[in-house]
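The values are calculated or read from the model by the stated rules, or taken from the named source; none is laboratory data. Since we're looking at a predicted model, the values are computed, not measured. Here Cβ is always computed from backbone atoms with ideal geometry, including for glycine, and neighbour counts include all displayed protein chains.
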Amino acid sequence: MINLSAGVYLCDPFIHIWQGYKDPDNHSDRDHQLIFEDLRNRLVPYEGKYVLIRDFSYSFADTYRSEPNQPPPTFIYIDANHAYAAVKQDLEQWWPVLATGGLIAGSTFVDDDQRSIGVATAVREFANTVQADLYLTQDSLPSWYMVKG
């Protein structure tokens with residue numbers, strides 16, 4: 001059983017994903033471990049206000065759903081594996097959990113076949129499927145969000 005009472009969940013497996021995924025943030029396992037330890041140390045002043053989950057976001061969605069009496073989250077920010085299939089899987093897992101009127105958002109709204117990034121296509125297709133309006137920031141590398149109706 002996991003303590004899910006804090007209300008803010010930071011979820012990342014902190015591992016190298018797979019060969020062929022060319023995202024610059026796909027560090028070696030050793031580097032991910034160092035990043036995890038640095039993050040954990042930086043968050044010490046905020047203990048009790050968050051839960052650090054070392055897992056894949058799609059897997060944590062199942063865990064969250066399985067815990068009794070969990071209120072639906074009102075805000076979910078996805079900044080995980082940027083491959084098309086991974087983004088699609090995260091959206092499919094988290095959308096049903098999201099509260100009505102809740103916001104789901106993410107970064108890196110771009111497709112880049114050279115780096116195995118398919119965020120824009122996955123998000124556009126999903127927004128179409130669930131008939132949600134899709135909003136983008138005006139940054140050079142836009143972020144995105146949808147509100148569940």
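So here's what we get for this one:
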quantity: Residues of segment 35-58 classified as surrounded by fewer than 13 Cβ atoms within 10 Å (Cβ to Cβ) and of a type outside the set (D, E, K, R), total; calculated: 5
quantity: Helices (runs of 4 or more DSSP H) contained in segment 1-100 and holding at least 2 residues modelled with pLDDT of 80 or more and over 26 Å from G118 (Cα atoms); calculated: 29-42, 57-66
quantity: Residue, farthest from L10 (Cα to Cα), within segment 41-51, restricted to residues that are hydrophobic (A, V, I, L, M, F, W, C) and touching a Phe, Trp or Tyr at 6+ places or on another chain (Cβ under 8 Å); calculated: L43
